[in-house]
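The values are calculated or read from the model by the stated rules, or taken from the named source; none is laboratory data. The model shown is predicted, which means the values in this text are computed figures rather than measured ones. As a convention, Cβ positions derive from the backbone with ideal geometry for all residues, glycine included, and neighbour counts pool all protein chains shown.
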Amino acid sequence: MNEPVFVIHGVANRDPDGFAASVAALRAATGLDMVPVHWGDLGADDRHVAAAFPGRTGAPVVPGPRLPEDGGLRSAPGDGWPQVESAVRTWLGKAADGADSGLRGAPAPAPAVPDGLFEYLADEWTRTEWLRHSDDPALLAEAGRALAETLAEQGGPGAGAGAGAGHGYGGYRGYGAYGGSGAYDGLRGRDGEDADGRLRARLRDRLQALDRVAGAAISAALGRVNTVMRTAAAPGTARFLGDVLVYQRHRDRVQARVRETIDRVDPALGRTRDRPVRVVAHSLGGVVAFDMATSAEPLWTSSLVTFGSQPAFFHAIDPRGGSLPPYEGADPVVLPPSLHRWTNLWEPMDVLAFVTARMFRLHDGSAPEDVCVPAPASGLNWGWTHSAYWDLPLVATEIGRAMAAALH
């Protein structure tokens, strides 16, 4: 008797009318009597999933704590540090070029940087959490400029005696005074304080502040990108992964829907070896059909055609139970006689399609048939071929061939 073929959809199918139209097109292409089995209304509820996304509540995204000062793990100065040092020297030179030495017609002396200062800054650069990873020229140039401004601020207008006291450099608040040696006269410390130590402390504080600002800016920008990408991908992601999770937890409800649809045609179908059903299933629908055909109380299936499906993948990482032992990596798992014939179609660009012959053997010792059904290069979204099977003529051809063989 030529019984109808039951067609089970996969994940993220919420449109029963659209699914019925796809089955009708497949019916026309194969000439087979087909019955759609729609279970998408039992899938994941994705209405409120956006509430779990970062950045949706307005909570700030801030950088983590800095590494400890006493020997925490650090890296060598990144490739960006030489650019920062060059920027500091450049801005110091510009400051001097725009200043008056105090002697009519004479240029200002080039500021001399205390010994070891750049080595100190290079070491502090390795302690930053964000800046040391940057290779952006604009960001590195601005970091150098900010450090140069800190050097200028440290001296302050009229901080010391000697030529040039009280004169600023290039719009800075004042480089301080330079004696005949060209050293930082304003940093000598009238009260005996360690001027070099104070300078280093201020530079360290400025660098830490810059790092916090950079971290906050980067985090905010990435948070916005995160939100945009998640919002754009939310419906598909929630429904795809969500349906998998829902089926794993509530497979009885989904399988009951399949059984109810079969019972409306004929309650005896699939309950005994003598009245098996024929099933076509896409994606997770193939897992549903496979689970039912191999369960302790199986859906007796004369021919199963899966396309873009994952029974082998799921059984490898989470044995399906029922009457199946786990796959141990050597001998294939022997399927029960309740699954008589299995044809598995896969498209090479579909990352959600898996093969079956290496992992399983049918009850008669033969392997399930894996058939490659490549999609045409034209008019195809190569990033997502998982839904292309319904429109591939070769899929209809293979379904017709497999179902005809099941009648003999």
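Among the conditions (1) free of Cβ contacts under 8 Å to residues at least 60 places away in the same chain; (2) surrounded by fewer than 24 Cβ atoms within 10 Å (Cβ to Cβ); (3) not in a loop (DSSP other than H, G, I, E, B), S303 misses just one, which is (1).
Among the residues of region 273-300, what is the count of those that are in a loop (DSSP other than H, G, I, E, B) and farther than 19 Å from A353 by Cβ?
Step one: list which residues in region 273-300 are in a loop (DSSP other than H, G, I, E, B), which gives 273-276, 283, 294-300.
Filter again for farther than 19 Å from A353 by Cβ, leaving 273-276, 294-300.
So the count comes out to 11.
Selection of first residues in region 31-57 that are more than 20 Å from M292 (Cβ to Cβ) and assigned to a loop (DSSP other than H, G, I, E, B) and of second residues that are at pLDDT below 95 and among the β-branched types (V, I, T), restricted to Cβ pairs under 6 Å at least 6 apart or on distinct chains, gives the following pairs, ordered by first then second residue: A44/V246; G55/T227.
Limited to region 124-141, what total is found for residues that are part of a helix (DSSP H, G or I) and touching a residue at least 40 places away in the same chain (Cβ under 8 Å)? Qualifying residue count, region 124-141: 9.
Which one is nearest to the chain's Cα centre (by Cα), of the residues in region 326-342 that are assigned to a loop (DSSP other than H, G, I, E, B) and closer than 27 Å to L269 by Cβ?
Here the residue is L335.
The set of residues from region 306-319 being buried (at least 24 other Cβ atoms within 10 Å of the Cβ) and either part of a loop (DSSP other than H, G, I, E, B) or touching a residue at least 60 places away in the same chain (Cβ under 8 Å) (or both) comprises F307, G308, S309.
May I ask you to verify whether L345 is part of a loop (DSSP other than H, G, I, E, B) and either buried (at least 17 other Cβ atoms within 10 Å of the Cβ) or not assigned by TED's automatic domain parsing to the domain that holds F307 (or both)? So L345 fails the test. For region 1-30, a residue qualifies if it is modelled with pLDDT under 95, closer than 20 Å to G400 by Cβ and surrounded by fewer than 19 Cβ atoms within 10 Å (Cβ to Cβ), and the qualifying residues are M1, N2.
Looking at L362, L352, L339, can you tell me which residue is of a type in the set (A, V, I, L, M), in the same structural domain as V280 (by TED's automatic domain parsing) and modelled with pLDDT under 95? First the steps, then the outcome.
On the way: L362 fails: modelled with pLDDT under 95; L339 fails: modelled with pLDDT under 95.
None of the other options fit; the residue is L352.
Within region 320-342, restricting attention to residues that are buried (at least 16 other Cβ atoms within 10 Å of the Cβ) and among the charged types (D, E, K, R), the residue that is farthest from Q255 (Cα to Cα) is R341.
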